[in-house]
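One structure below.
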Amino acid sequence: MQSVKEIVKEPKVFERNKVPFEIKVLSIATYIQTSSVRRTAKILSEIHPVSKTSVWNWVKKFEEKLPITEKKVRNLVAIDETVVKANKKRYYIYAAIDVERNELILMRVYTTRNYLTTKSFIKEVLECCENKPRFVVDKAPWLIDALKSLNLEYEHQTFR
């Protein structure tokens, strides 16, 4: 498996050289932390002028070089979400775990928690599955509604 340093040093990840290589790498690291191209561009502009479009392009180029998560047959997937507070804002962390392998399939952070966000997350989880697994969820209505709309089997369990 390639390291981040090896990936970004590959030809065609960063084709043009108007902006120093280090700034481009820093932009990817900052974007991973903030999940916002606008915020990343604003932070980096303190060091070197960059646009949010440039940050977006660098992130997309980098993303293309990352290894794809291997699809597997999964029988039982647990999905849960939790809320965390940072800088007086709420963020919702969704996680999907393959119960049989005790393997984290996917984790995402969102600024909202609702049916549409949940449905989007579940669709991403399904991209990591060769089949349609059965899901284990708590009583959260947004989880149950999203699973029903995708015609997926689920069972209720309380997580601790």
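The values are calculated or read from the model by the stated rules, or taken from the named source; none is laboratory data. Quantities reported herein were computed from a predicted structural model and do not represent experimental measurements. With ideal geometry, Cβ positions are generated from the backbone for all residues, glycine too; neighbour counts draw on all protein chains shown.
Of the residues making up region 69-78, one or more are touching a residue at least 24 places away in the same chain (Cβ under 8 Å), in contact with a Pro (Cβ under 8 Å, 6 or more places away or on another chain), buried (at least 16 other Cβ atoms within 10 Å of the Cβ) and not polar (S, T, N, Q). On inspection, LYS42 passes the criterion of being outside the structural domain of PHE135 (by TED's automatic domain parsing), surrounded by fewer than 16 Cβ atoms within 10 Å (Cβ to Cβ) and out of contact with any Phe, Trp or Tyr (no Cβ under 6 Å at 6 or more places or on another chain).
Of all residues in region 137-160, those being hydrophobic (A, V, I, L, M, F, W, C), closer than 16 Å to LEU76 by Cβ and out of contact with any Ser or Thr (no Cβ under 6 Å at 6 or more places or on another chain) number 4. Looking across TYR110, TYR94, TYR115, one residue alone is aromatic (Phe, Trp, Tyr) and either without any contact (Cβ under 8 Å) to a residue 24 or more places away in the chain or touching a Gly at 6+ places or on another chain (Cβ under 8 Å) (or both). It is TYR110. The number of residues in region 21-61 being in a helix (DSSP H, G or I) and over 18 Å from the mean Cα position of the chain (by Cα) comes to 13.
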